[in-house]
Every structure is written in C-alpha cells, then in structure tokens.
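The values are calculated or read from the model by the stated rules, or taken from the named source; none is laboratory data. Keep in mind the model is a prediction, meaning the values are calculated, not measured. Here the Cβ is made from the backbone with ideal geometry for all residues, glycine too, and neighbour counts use every protein chain on show.
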Amino acid sequence: MNTKNNRLICAILIGAMTLSAFAVPVRAQEGERHSESPKAVQRLGRAPVNQDILRVHLDRPSAHKLPNGLTVLILERHELPTVNFSLWVRPGALADPKNLPGLGGFVADMLREGTPSRTSAQLSQEIDGLGASLSAGVQAQSSRAVVSAAGLSNSTEHLLELMSDISLHPSFPNDQLAKYKQREAAQLQQDRADPSFLADERLARVIYGDFPAAVVSPTSESVAAVTSADLKKYHDAYYVPGNAILGIVGDVQSDQILTLVEKYFGNWQGAANPGPALGKVPALGTSAIYLVNRPGSVQTNLLLGDYSLLRTNPEFPALTVMNRVLGGAASSRLFLNLREEKGYTYGAYSYFTSDIYPGEWQAETEVRNAVTGGSMHELMFELKRIQTDSVPATELGEAERSIIARFALSLESPQEVLNDWLTVRYFDLSDDYWDTYTDSIGKVDAAAVQQAAKKYIDIPHLQIVAVGDANEVKSALDEYGKVVVTDANGKPEGK
C-alpha cells in the first residue's frame, strides 16, 4: 500500500467511526402502523469528509497470458513477507447436471482429498507444516469455483506446487468420497432444519424457475448418487486453463513468480469451455407469498426478493447506494425501523448479488409470530417509501461515505485487493474501474436512488417467502397477497 493510500485509510477510518451513531428510541407498541416516515431515531455525529481525500488509485497488477490460455495477474506488495494465490475457474455451479445438483461444489470440495502423488492426510501435513492455508469451493449459484492459498513468501514455490497439484491432478479417491458423502448428507439434514435455508431455497426456485441459479444446494439423492467418475468428468471438462484466471499478490518478484507459474501450470491443457448455455432468466410472475409451513415454529422468517443486475451493469453504483440506504447496515432504514423503533426483531437487512446473470436483491428479517403482520407492513412501507420519497441529502451522504470508507479500508487486505482485480478481469470491467469507483458512488444522487429502487424492487412482481407455522401466521399474511402454502420440501399443502 503506498503512502497516499495509507493517509486515505487513516482519514476515512476517523470519519467512519462517527457515521453509525444514532439515538435509540422507546419501542412502539406491537402492531402499531406508520402513517408517515419514522422520526423516533435520530442520526447524530455526521462527519464531513473532503471528497478529494476519498479518491483512490490502486496499483495495477501485471497481466500475462500463458501459451495454454491461462490468464495470470501479478501484484507485488512487499510490506509483509506473505503471498496470496487465487484461481477462479468457470462455470462453477452453473454447469451442474439436472440429475446431479451440487456437482460443481462436490468437485471443488474434493480437490484437497488426494492426488496421484499425495493422500489427503499428506496434503494436510504439508500445508500445516508450512503454516499456510489451501482451500477450494463453489458458492451456491456462483459462476466460478475458487481455489485459494496463502502463506509466507519463503514457501511460495511449495505452496504454488501444492495448489497446482490439487487443481490439475485430483484423484477423487473412493474412500475419501465415501466420507465426504457422509458429511454432506449430515450437513444437508441440518440445513433442512434451518428456516433461513428453507427461505433461501424457496425464493431461488420461485425467482429462477428452470434457470441454473434456482439450485442453492445439493439434494440427498445427488449426494447419494455421485461417483468418482462423475467428479472426474466434470473436472476434465471445466478445470482447463482457458476457463481460468490465476491471481497472485504479495512479496514476490513478477518475473520470478511467472517462471514458477509456467513451471507448475504451463503443462495444463484445455481450451475454454463455458458450459451449457444459460439462456435468459424467466420473467417474474405477479407478486405472491410462499409460506413454508414449519409447525411449532415460534417465529417467522420473511424474505422478499427480486432480480438485481449483471455485474457489468453501469447501474451497479446506484443499486449499491440504494441498498445501503434501505437495508445494507445496522444504521439503514430497515434495521432502524423494525428493530430500533418497533422492537420486532434483532435485525432487518437487505443485500444483492450480481454475476454473469442477473442476481437477486433481497430483504430479510426474522420476527415473532405475533408481529408477522406488523413486520410485513413495515417492510412494505420502507420499500414504497424509498421509491416515492427523495432520500434526504444528509442520509444519502452518510450512506455514500460508509460505502467509500468500507472500500478504502478493504485495501489494507491483500486478498481483498486481489479479489478486486480478479473481478475486473473476470467481468471484463475497465482497467480504471476501481480508480473511479469512489467517484461513481459519490455521484449517485437522490434521483438515481429512486430510479434504482423502482427498477430493482418491482413491487407488483415482488416474490415473498415466509417460513413459519401456517396455523399461526397465514391469516396475517393473507392481507399482502395470495398465499401458497407448502411443506419444507416444496410440496403444496391445504389441497
């Protein structure tokens, strides 16, 4: 990190410490309805920050292309004797066969379980001996697998060789697969008892239909059925250099590390294979409520969702600011309303994802059965308010400073900086994307926030999932639309 950015971090950290201060009000009575904007919570201690201080210039990584098609990004940072590697490989979870949901995740999880030259135990011993980390995984609905490694720079070559071995030569041994399947089956059983998991699963199915992103987890059937041959077939098809980007950041010399990359990844073969065509995401139907019946539950999980955007969409900054105002933090409107003013919940938030396909925008909270109806009212009140009422300049400025401060502080982490540059390369963003990011956030005005809210919170087509005891909460939900009741596995009830 250069001296200029260190000064920036210090200035923003001092300013950011005052941004979240607010007075805690007396809680309103349960079921009380708003007739106007909440006024009980006061925002205090706003610190002015000079916009010139907020400008950031990230050091550029050097970019290289090996003859086999592997893209390599190298960023030298010599402040600490450490090195971080990250390998992004398409197409992640989006190429899972219909009959084997979760296959991409299975492959990534099994990479560390053995190669022709090392057993799982030997891999663990070597990594522990280096005091390093080596991991792989695929997030649900993600278009990429990520293999990551980190350690001291004096173990750079050994760590890179281990990373290459598991990425290029996994053996998927049957004994380790059997143990993995036992763990996955137990985890899936635990997940299906979690109301948050059930809400996420149901919302994804409602929004995405037959699109690959509708799948958020494997099934018990796919866990039981997957074989080593299935894992190898997927790996051979998609773990190819034409699908991959390798990022490196740390105490390295570019020419030396590139020589090592060529040594350990240069013989990797395979042209780009994007996987099955994704097609378009389906149009959302009329707004409806999907109630997942969980008899005996004393609380209701509420999850409201809509499409967000592609990561390349120029409206990304506007949606980021809108979401921060609405529910992106503990000082945002949803939290202040439902928790601090009403006392309905421990927390209420919103967030969004974006990828090579339109991600999801979601708002969520968990509330007591008795206040399910009141919580729905407040959620809908806030969604409508951000669409119809211009965000006050002080609140907008607070949100923008918070986003910029968080971004600036993230630059202290080598892994975060590496992820930033991998994002630029993966999504083919402009080379100056992060140089102009803070300006892009700061230029979002109240009109742009309203426009983003109207576009990405499409209330007539908003999909709502509730997980709770149908006997206790269905009548409270009926007021807000057609309620479709299912069991935990999505089978309709009440017919």
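Below are the figures for this structure:
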{"item": "Top-ranked residue in region 486-495 [being of a type outside the set (Gly, Ala, Ser) and outside any strand (DSSP E or B); ranked as farthest from residue 366 (Cα to Cα)]", "result": "495"}
{"item": "Unique match (being within 14 Å of residue 68 (Cα to Cα), in contact with a Phe, Trp or Tyr (Cβ under 9 Å, 6 or more places away or on another chain) and in contact (Cβ under 8 Å) with a residue 40 or more places away in the chain) among 239, 234", "result": "239"}
{"item": "Residue match in region 321-332 (condition: in contact (Cβ under 8 Å) with a residue 60 or more places away in the chain, over 23 Å from residue 448 (Cβ atoms) and either touching a Leu at 6+ places or on another chain (Cβ under 9 Å) or not assigned by TED's automatic domain parsing to the domain that holds residue 385 (or both))", "result": "yes"}
{"item": "Test: residue in region 435-442 that is over 19 Å from the mean Cα position of the chain (by Cα) and of a type in the set (Gly, Ala, Ser)", "result": "yes"}
{"item": "Output for region 227-262, where each listed residue is out of contact with any Ser or Thr (no Cβ under 7 Å at 6 or more places or on another chain), hydroxyl-bearing (Ser, Thr, Tyr) and part of a helix (DSSP H, G or I)", "result": "228, 234, 238, 259"}
{"item": "Matching residues in region 248-280 - criterion: being surrounded by fewer than 19 Cβ atoms within 10 Å (Cβ to Cβ) and under 17 Å from residue 152 (Cα atoms)", "result": "251, 253, 254, 256, 260"}
{"item": "Matching residues, region 473-485, being over 15 Å from residue 303 (Cα atoms) and surrounded by 19 or more Cβ atoms within 10 Å (Cβ to Cβ)", "result": "476"}
{"item": "Residues located in region 94-145, provided they are basic (Lys, Arg), farther than 24 Å from residue 225 by Cβ and over 19 Å from the mean Cα position of the chain (by Cα)", "result": "118"}
{"item": "Residue check for residue 245: in contact with a Phe, Trp or Tyr (Cβ under 9 Å, 6 or more places away or on another chain) and either within 30 Å of residue 159 (Cα to Cα) or surrounded by 13 or more Cβ atoms within 10 Å (Cβ to Cβ) (or both)", "result": "yes"}
{"item": "Whichever residue in region 329-364 is in a strand (DSSP E or B) and among the aromatic types (Phe, Trp, Tyr) and, among such residues, is nearest to residue 90 (Cα to Cα)", "result": "352"}
{"item": "Conditions (1) in contact with a helix residue (DSSP H, G or I) (Cβ under 9 Å, 6 or more places away or on another chain); (2) surrounded by fewer than 19 Cβ atoms within 10 Å (Cβ to Cβ): number failed by residue 403", "result": "(2)"}
{"item": "Residues being surrounded by 21 or more Cβ atoms within 10 Å (Cβ to Cβ) and in a loop (DSSP other than H, G, I, E, B) - total across region 302-328", "result": "3"}
{"item": "Residue in region 480-492 that is within 17 Å of residue 287 (Cα to Cα) and of a type in the set (D, E, K, R) present", "result": "yes"}
{"item": "Verdict on residue 126 being more than 20 Å from residue 101 (Cα to Cα), outside the structural domain of residue 303 (by TED's automatic domain parsing) and acidic (Asp, Glu)", "result": "yes"}
{"item": "Any hit, region 456-471, residues being under 30 Å from residue 296 (Cα atoms) and among the aromatic types (Phe, Trp, Tyr)", "result": "no"}
{"item": "Residues located in region 183-212, provided they are touching a residue at least 24 places away in the same chain (Cβ under 8 Å) and hydrophobic (A, V, I, L, M, F, W, C)", "result": "185, 188, 198, 199, 203, 204, 206, 207, 211"}
{"item": "Residue 349 free of Cβ contacts under 8 Å to residues at least 40 places away in the same chain, within 17 Å of the chain's Cα centre (by Cα) and in the same structural domain as residue 424 (by TED's automatic domain parsing)", "result": "yes"}
{"item": "Condition broken by residue 129, with the remaining ones in (1) closer than 30 Å to residue 255 by Cα; (2) out of contact with any Phe, Trp or Tyr (no Cβ under 8 Å at 6 or more places or on another chain); (3) touching a residue at least 24 places away in the same chain (Cβ under 8 Å) satisfied", "result": "(3)"}
{"item": "Near pairs, Cβ below 8 angstrom, 6+ apart or cross-chain, from region 380-394 (among the charged types (D, E, K, R)) to any residue that is not in a loop (DSSP other than H, G, I, E, B)", "result": "382/326; 382/333; 382/334; 382/337; 384/459; 385/333"}
{"item": "Total residues in region 103-125, condition free of Cβ contacts under 8 Å to residues at least 24 places away in the same chain and in a loop (DSSP other than H, G, I, E, B)", "result": "0"}
